[in-house]
Amino acid sequence: MKRFETDRLVVRNLKEADSDDYFDMMGNPKVMNMVPRKVMKREESDNHLNDFLSPSQNQSETKVWGIELKKGSEFIGLCAFLKNNVTEDEIGYRLREKFWRKGFGTEIAKGLITYGFEQLKMEKITADVDTRNQNSVKILEKFMSSNIEFFNESDNCIDRRYEILKNDWL
């Protein structure tokens with residue numbers, strides 16, 4: 001089921017057929033170091049994907065979707081709405097390395113913010129990023145204001161939280 005579209009992208013439910021491309025992303029040290037999370041082996045990647053395919057995902061506060069190109073329908077990454085450590089709405093995205101530096105990160109961040117405010121009726125959206133991930137920092141600074149920096153114990157890094165209010169977006 002399609003969730004939303006941007007100029008070049010379709011955001012849709014993940015599917016089993018994404019497994020090879022999903023592993024291309026989750027098994028890539030360059031991608032995972034940006035998160036930062038450990039690189040997944042194939043079985044871990046498949047299990048991780050399968051968690052998002054289960055019917056219970058629809059009832060979860062965390063929504064994880066696939067991103068594909070409109071032209072050719074190739075899977076390029078994933079995006080999500082989740083709750084941060086203080087239960088505020090947060091966006092997240094991750095792209096396969098071969099799709100970096102093509103403007104897709106900016107396009108999906110803008111699409112998520114628009115969808116969150118217009119369709120999900122959120123009042124505030126946040127995003128946390130490892131301060132070393134300068135590409136995502138630049139993307140988030142286009143749309144949001146930085147709020148705080150803090151040590152993220154689970155990822156063992158310094159995160160910066162960005163936020164935007166609905167009134168400032170619309």
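Read the figures in this text as sums done on the coordinates, not as results from a lab. Note that the structure is predicted; figures quoted are calculated from it, not measured. All Cβ positions, even for glycine, are placed from backbone atoms using ideal geometry, and neighbour counts span all protein chains on display.
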Worksheet entry | Environment charge at Glu61 (Cβ cut-off 11 Å; Lys +1, Arg +1, Asp -1, Glu -1) | 0
Worksheet item: How far is the Cα center of segment 120-143 from the Cα center of segment 26-92, in Å?
Response: 16
Fill in: Cβ-based net charge around Ile148, under 11 Å, with every Lys or Arg adding one and every Asp or Glu removing one
-2
Practice prompt. Report the residue, chosen from Val86, Val39, Val31, that carries the largest GNM mean-square fluctuation when the chain is represented by alpha-carbon nodes joined by springs under 10 Å.
Written response: Val86
Fill in: Local net charge near Ala80, Cβ-Cβ under 10 Å (Lys/Arg +1, Asp/Glu -1)
+1
Worksheet, complete the sentence: In whole Hz, the Karplus estimates of ³J(HN,Hα) for segment 63-72 (6.51, -1.76, 1.60; θ = phi - 60°; x where Gly or Pro) are 10, 10, 10, x, 10, 10, 6, 4, 8, x
Worksheet, complete the sentence: XL table Lys41/Lys138; Lys41/Lys71; Lys15/Lys98; Lys83/Lys142; Lys41/Lys98; Lys102/Lys166; Cα-Cα > 25 Å flagged, in table order, is Lys41/Lys138; Lys41/Lys71; Lys102/Lys166
Item to complete: For Thr87 and Arg132, calculate 0.36 nm times their separation in residues minus their Cα-Cα distance, and state this gained length in nm to one decimal.
Response: 13.8 nm
Fill in: segment 145-161 - phi-based ³J(HN,Hα) in whole Hz, Karplus 6.51/-1.76/1.60, Gly and Pro as x
9, 6, 10, 9, 10, 7, 7, 8, 5, 5, 9, 6, 8, 8, 9, 10, 9
